[in-house]
Amino acid sequence: MNGARKFTAEVAVVGGGPAGLVSAIALAASGVETLLIAPAAEDDHRTTALLASSVTALATLGVWQACRAHAAPLAAIRIVDDSRRLLRAPEVGFIAAEIGLDAFGHNIENRHLVAALSARAAALKLSRIPAAALAIASDGDGITIKLPEGVAQVRLAIGADGQRSLCRAAAGIGTDRRAYPQTALTLNLAHDRPHQDTSTEFHTESGPFTLVPLPGRRSSLVCVLEPVQAAALAAMSDTALSEEIERRAHSLLGKMGVEEGRGMFALAVETAHSFARQRIALVGEAAHVVPPIGAQGLNLGLRDAATLAELVADARRQNVDVGSPSVLARYDAQRRADVTGRTFAIDLLNRSLLTDFIPAQAARGLSLYLVDRIGPLRRALMREGVAPAASQPRLMRGEMV
Ligand SMILES: Cc1cc2nc3c(=O)[nH]c(=O)nc-3n(C[C@H](O)[C@H](O)[C@H](O)COP(=O)(O)OP(=O)(O)OC[C@H]3O[C@@H](n4cnc5c(N)ncnc54)[C@H](O)[C@@H]3O)c2cc1C
């Protein structure tokens with residue numbers, strides 16, 4: 001490779017979505033020599049409801065300060081059965097004050113989150129190559145990453161390169177994947193009435209229709225539909241779509257006006273057979289994909305990033321090879337229960353919405369009835385949602401890695 005540049009570092013993070021940026025920042029902040037291989041982010045008008053422990057992690061990394069003005073607190077969550085089925089579930093409300101919190105978390109547009117993370121990475125003088133990795137090869141001693149203008153050699157590669165992960169393929173890791181007959185239409189909108197920091201999830205026969213607060217009289221919408229219906233809505237004019245959404249929201253927030261930036265996402269559930277192998281560790285959607293119910297996807301991804309950064313920093317302090325099988329095995333073991341437990345619950349809930357099988361609808365209705373009526377059960381669920389027992393890495397507790 002004549003004239004090609006050669007980069008070396010201890011760790012390379014491949015992918016500059018939120019999971020990759022948090023991985024790179026956490027490692028660089030703890031003194032690990034890190035290379036970020038990441039083309040510029042595409043414009044993403046989606047929003048992420050970050051649970052309180054994710055907000056704590058971002059604050060600990062010095063990122064949250066730049067996010068705060070763009071984020072709205074989630075003080076309450078309502079789940080409303082909006083299906084026309086025979087057996088309908090009762091409405092259930094979760095209020096953060098019931099477990100002594102001001103908010104379960106905050107909702108922020110991904111473009112603001114990624115901008116704040118990118119600014120923090122730049123402030124930490126993280127080496128960033130603004131290009132995609134072309135190929136990744138692992139041998140016993142290290143990893144070689146082919147780049148458009150050279151190669152990078154590292155001890156560990158963190159695959160934060162999303163659903164079609166090159167890193168995952170390079171490690172020879174397969175997945176269990178099932179596509180749902182659903183597409184999420186996403187957009188942000190302004191509305192007449194205040195949302196009162198409350199997120200409302202209408203459960204319909206085609207999936208959830210969820211309004212999540214943004215600062216001011218604005219909210220984000222995730223509307224899950226059959227693909228043909230989603231395409232029909234996405235093709236509407238702004239005026240027609242605003243009226244249609246207001247109708248579907250039962251005018252809960254008054255008159256609505258959609259903003260620029262509609263997104264369409266085909267939904268699937270996918271879990272990697274292993275989260276780390278051959279000096280490659282996977283974080284975020286490279287490791288697991290869940291449908292957008294209950295705001296779990298990126299919160300899981302941030303716990304991957306925090307756990308891995310902690311294990312790598314510990315290995316380095318003990319003079320252990322950061323890409324060694326023992327570090328990778330510990331990472332896989334520490335993430336397995338959190339990821340599989342949540343994926344199972346979200347998949348079950350999503351499928352119970354889609355099914356016409358009456359006993360499954362009855363079981364869903366009964367579960368929500370019990371959650372509504374039994375205070376300790378409801379509070380335990382809320383605590384588990386905010387701070388999962390299976391995974392509390394140091395960053396999520398407000399400590400550096
Ligand atoms: C409709 C919808 C709503 C959602 N709402 C929520 C929510 O409220 N809360 C929540 O927690 N989660 C939510 N999620 C999930 C969340 O959006 C994802 O978990 C998150 O975006 C995944 O981030 P990531 O960094 O893993 O991957 P991505 O954001 O996909 O980033 C991957 C990056 O890798 C880069 N890349 C790919 N290949 C290469 C390569 N070869 N070299 C270098 N870079 C590469 C890409 O350019 C991209 O920038 C939602 C998902 C959907 C679909």
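Does residue 364 qualify as being within 18 Å of the chain's Cα centre (by Cα) and touching a residue at least 40 places away in the same chain (Cβ under 8 Å)?
Criteria not met by residue 364.
Among 323, 301, which is open to solvent by less than 10 Å² (accessible area, probe 1.4 Å), near the ligand (Cβ under 9 Å from one of its atoms) and at pLDDT 95 or above?
Among 323, 301, only 301 is open to solvent by less than 10 Å² (accessible area, probe 1.4 Å), near the ligand (Cβ under 9 Å from one of its atoms) and at pLDDT 95 or above.
Mind listing just one residue for me: the one in segment 21-74 that is of a type in the set (Val, Ile, Thr) and outside any strand (DSSP E or B) and, of those, nearest to the ligand (Cβ to nearest atom)?
Going through the qualifying residues, I end up with 22.
Going through segment 126-142 one residue at a time, which ones are touching a Lys or Arg at 6+ places or on another chain (Cβ under 8 Å), in a loop (DSSP other than H, G, I, E, B), open to solvent by less than 90 Å² (accessible area, probe 1.4 Å) and within 14 Å of the ligand (Cβ to nearest atom)?
Correct list: 133 only.
Taking segment 237-257, which residues are assigned to a helix (DSSP H, G or I) and open to solvent by 70 Å² or more (accessible area, probe 1.4 Å)?
The answer is 238, 239, 243, 247.
Out of segment 197-231, which residues are of a type in the set (A, V, I, L, M) and within 14 Å of the ligand (Cβ to nearest atom)?
Residues satisfying the conditions are 211, 212, 214, 221, 222, 224, 225, 230.
Quick check, is residue 32 surrounded by fewer than 23 Cβ atoms within 10 Å (Cβ to Cβ) and at pLDDT 95 or above?
For residue 32, the condition - surrounded by fewer than 23 Cβ atoms within 10 Å (Cβ to Cβ) and at pLDDT 95 or above - is met.
For segment 143-161, enumerate the residues that are open to solvent by 20 Å² or more (accessible area, probe 1.4 Å) and in contact (Cβ under 8 Å) with a residue 12 or more places away in the chain.
Result: 146, 148, 149, 151, 153, 155, 161.
Only one of (1) small (Gly, Ala, Ser); (2) more than 8 Å from the ligand (Cβ to nearest atom); (3) surrounded by fewer than 24 Cβ atoms within 10 Å (Cβ to Cβ); (4) within 19 Å of the chain's Cα centre (by Cα) fails for residue 315. Which number is that?
For residue 315, the exception is condition (4).
Being away from the ligand (no atom under 16 Å from the Cβ) and either modelled with pLDDT under 95 or more than 18 Å from residue 208 (Cβ to Cβ) (or both) is the filter here; which residues of segment 253-272 pass it?
254, 255, 257, 260
Name the residues in segment 126-140 that are touching a residue at least 12 places away in the same chain (Cβ under 8 Å) and out of contact with any Asp or Glu (no Cβ under 8 Å at 6 or more places or on another chain), would you?
The answer is 126, 127, 128, 129, 130, 132, 134, 135, 136, 137, 138.
State whether one or more residues within segment 273-281 are open to solvent by 10 Å² or more (accessible area, probe 1.4 Å), in contact with a Lys or Arg (Cβ under 8 Å, 6 or more places away or on another chain) and away from the ligand (no atom under 12 Å from the Cβ).
Yes, segment 273-281 has at least one match.
What number goes with the only condition from (1) in contact with a strand residue (DSSP E or B) (Cβ under 6 Å, 6 or more places away or on another chain); (2) more than 12 Å from the ligand (Cβ to nearest atom); (3) among the small types (Gly, Ala, Ser); (4) open to solvent by less than 20 Å² (accessible area, probe 1.4 Å) that residue 234 does not pass?
(4)
Being in a helix (DSSP H, G or I) and open to solvent by 60 Å² or more (accessible area, probe 1.4 Å): is that true of residue 353 here?
It is false that residue 353 is in a helix (DSSP H, G or I) and open to solvent by 60 Å² or more (accessible area, probe 1.4 Å).
Restricting attention to segment 184-231, and to residues there that are open to solvent by less than 30 Å² (accessible area, probe 1.4 Å) and in a loop (DSSP other than H, G, I, E, B), which single residue is nearest to residue 289 (Cα to Cα)?
Ranking the qualifying residues of segment 184-231, first place goes to 206.
Listed here are the residues, each with its yes/no results for (1) more than 26 Å from residue 18 (Cα to Cα); (2) surrounded by fewer than 16 Cβ atoms within 10 Å (Cβ to Cβ); (3) at pLDDT 85 or above; (4) within 13 Å of the ligand (Cβ to nearest atom).
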{"residue": "288", "(1), (2), (3), (4)": "no, no, yes, yes"}
{"residue": "297", "(1), (2), (3), (4)": "no, no, yes, yes"}
{"residue": "329", "(1), (2), (3), (4)": "no, yes, yes, no"}
{"residue": "339", "(1), (2), (3), (4)": "no, no, yes, yes"}
{"residue": "362", "(1), (2), (3), (4)": "yes, yes, no, no"}
{"residue": "393", "(1), (2), (3), (4)": "no, no, yes, no"}
{"residue": "399", "(1), (2), (3), (4)": "no, yes, yes, no"}
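Can you name the number of the only condition in (1) among the aliphatic types (A, V, I, L, M); (2) touching a residue at least 12 places away in the same chain (Cβ under 8 Å); (3) under 19 Å from residue 26 (Cβ atoms); (4) away from the ligand (no atom under 14 Å from the Cβ) that residue 122 fails?
All conditions pass for residue 122, except number (2).
State all residues of segment 143-168 that are within 21 Å of the chain's Cα centre (by Cα), near the ligand (Cβ under 10 Å from one of its atoms) and of a type in the set (A, V, I, L, M); if no residue qualifies, say none.
160, 166
The values are calculated or read from the model by the stated rules, or taken from the named source; none is laboratory data. What you see is a predicted model; the values in this text were computed from it and never measured. With ideal geometry, Cβ positions are generated from the backbone for all residues, glycine too; neighbour counts draw on all protein chains shown. These accessible areas exclude ligands, DNA and RNA; they are computed on the full protein's heavy atoms, side chains included. Shrake-Rupley method; radii C 1.70, N 1.55, O 1.52, S 1.80 Å.
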